[in-house]
Amino acid sequence: MYRFIYQRWWKVLTLGLLLYVFIAGFLVPLRPGIVDLTASKIQRGLPFEFVASTYNTSWQSGDQVLAYLKYDSTHVWRIPDVEVLDRRHLSLSGVLPSWQSSAEEHVSDLTLILYHDRDGYLILPSALALYGDGGADRPVFESVLPQYQEWQWRFPFRAILYETIRNTFFHVAIWMAMFVLLVVSLIYSIKYLMRRDAVYDAVASSFAHVAVVWGAMGMLTGSIWARATWGTYWTNDPKLNMSAIAMMIYLAYSILRASINDEDRRAQLSGAYNVFAFIAMIPLIFIIPRLTSSLHPGNGGNPALGGEDLDHTLRLIFYPAIVAYTLLGVWMSSLLFRLRMVEIKHIYAQLRSKKSK
Amino acid sequence: MKNLIAKKEPLLVFGLWAISYSASAQGDHIDSSGKLYAVVACVAIIIVGIVLFLFYLERRITRVESQNQLDK
């Protein structure tokens with residue numbers, strides 16, 4: 001086991017993975033998307049005209065852009081006139097058919113869908129509020145959307161997130177790596193408490209220290225991401241507050257270690273404290289935010305990173321990113337551990353020389 | 001120090017050129033509505049974090065080194 005930290009192959013692997021994550025994380029483009037419209041509502045049976053601003057598109061005049069308004073899963077209406085204004089703007093116009101809104105009608109807005117052979121689908125949910133009445137009982141239109149299943153090396157376009165979806169690799173992955181480091185730290189703390197070997201304590205403390213660094217980065221990157229998407233550096237989101245508490249608990253671990261001078265007492269106390277800190281962190285970060293509602297995806301019920309939360313292209317970089325940060329953390333921890341071992345040898349040598357005198 | 005900057009000047013110029021070139025080459029892709037600045041800031045934090053760790057490590061190594069010197 002301890003030979004592992006002197007080997008070089010996994011450090012080269014770390015570098016390779018980090019390069020892959022940083023380069024691909026920045027250079028893979030977003031899929032095109034719809035940013036906003038000049039209209040916010042649309043009336044049944046009346047003509048309309050509005051301009052759609054799109055993101056990451058390069059429309060050219062003559063492009064065959066298809067535009068649809070989706071009422072429900074079976075009723076999709078094709079907008080007859082689509083005109084390209086420039087690379088990022090389309091003018092859409094036509095006359096919306098009219099139908100009676102029934103009492104049980106749940107749909108109060110229409111989804112705008114754009115389609116182009118090159119870019120695939122661009123979707124803006126709840127794009128236009130629907131109002132007005134008259135005409136047929138049910139929606140009279142039914143359109144079939146073109147098939148488009150080509151996989152592209154592109155990140156999904158999400159309103160509000162835009163490019164910051166890349167922070168999946170620079171924020172979420174950091175936290176994941178921190179948990180791995182904390183688990184290693186916990187295992188070695190338990191080992192220490194069972195066998196009272198100073199080497200185990202050195203491993204546990206090194207990993208916990210680097211995990212605190214990772215945690216601090218996780219908080220700061222999250223704060224910046226929150227500013228760009230939620231509009232504030234910090235909010236009373238349960239996940240934010242709970243992870244702040246968890247971080248304080250681990251910060252207290254570092255302070256505890258720094259405040260005890262006796263080697264054995266420090267190892268015993270901080271080992272026991274580390275077990276407590278880990279057990280305290282689990283409900284704080286993993287359970288409480290899921291019981292309440294949270295701005296973080298996957299909270300308030302369903303677990304994160306499952307199903308539709310994570311796109312396939314994101315996974316291709318997100319998983320290597322977790323491995324990369326974990327390995328980098330192991331590398332940093334191993335350096336601290338080696339230094340700690342030198343320090344320990346030094347301390348024991350001093351003690352021996354004092355005794356002999 | 002002055003000498004050092006003079007030596008590194010071509011590097012600096014190249015760096016600035018590379019930044020401005022990549023910004024202009026991306027054209028439509030970089031604009032403030034895309035919020036790419038938030039991603040850049042996060043990466044900067046990661047790098048700063050790693051470098052701060054290096055400073056911490058250096059301080060501890062220096063301490064061990066100086067103790068070693070005292071022993072001899």
What order do you get for A:I123, A:I279, B:I50 when you list them from fewest to most C-beta neighbours inside 10 Å?
A:I279, B:I50, A:I123
Modelling each spin label as a point 7 Å along the Cα-to-Cβ direction, I'd like the A:I260/A:W234 distance in nm, to one decimal.
3.0
Angle between the Cα long axis of helix A:198-229 and the longest principal axis of chain A, 0 to 90 degrees, nearest 10?
20
Enumerate the residues in segment A:253-296 having an amide nitrogen under 13 Å from the point lying 7 Å beyond the Cα of B:Q67 toward its Cβ.
A:261-263
Contour excess over end-to-end distance, with Cα ends at A:I287 and A:T38 and 0.36 nm allotted per residue:
85.4 nm
Give me the one-decimal nm value for the distance between modelled label points at A:I5 and A:Q152, 7 Å along each residue's Cα-to-Cβ direction.
4.7
If you split all Cα-Cα distances of segment A:139-226 into 5 Å bins from zero, what percentages do you get per bin, shortest first?
3, 12, 14, 12, 11, 9, 9, 8, 6, 5, 4, 2, 2, 1, 1, 0
Kirkwood Rh over alpha-carbon pairs of segment A:39-178, then Stokes-Einstein at 25 °C and 0.890 mPa s: what D in µm² s⁻¹, rounded to an integer?
145
How many partner chain Cβ atoms sit within 10 Å of a residue's Cβ in peptide A:155-164, on average, as a whole number?
3
Using only the Cα atoms, what convex hull volume per residue in Å³ does the protein assembly as shown have?
193
Quick check: the angle from helix A:312-356's long axis to the longest principal axis of chain A, C-alpha only, nearest 10 degrees?
10
Taking the Cα atoms of segment A:310-357, what is the range of coordinates along each of the three principal axes, in descending order and whole Å?
68, 12, 6
Report, in degrees rounded to the nearest 10, the 0 to 90 angle that the Cα long axis of helix A:263-281 makes with the longest principal axis of chain A.
20
Using a basic spin-label model with each label point 7 Å from the Cα along Cα→Cβ, how many nm lie between A:V199 and A:V28?
4.1
Arrange A:W230, A:W225 by Cβ neighbour counts within 10 Å, fewest through most, would you?
A:W230, A:W225
Using the Cα gyration tensor of segment A:191-255, the equivalent ellipsoid's semi-axes, largest first and to the nearest Å, work out to 32, 11, 7
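Since every read-out is calculated from the coordinates, none of them should be taken as a lab result. All values reported here derive from a predicted model rather than from experimental measurement. Methodologically, a virtual Cβ is constructed for each residue, glycine included, from the backbone with ideal geometry; neighbour enumeration extends over all protein chains shown.
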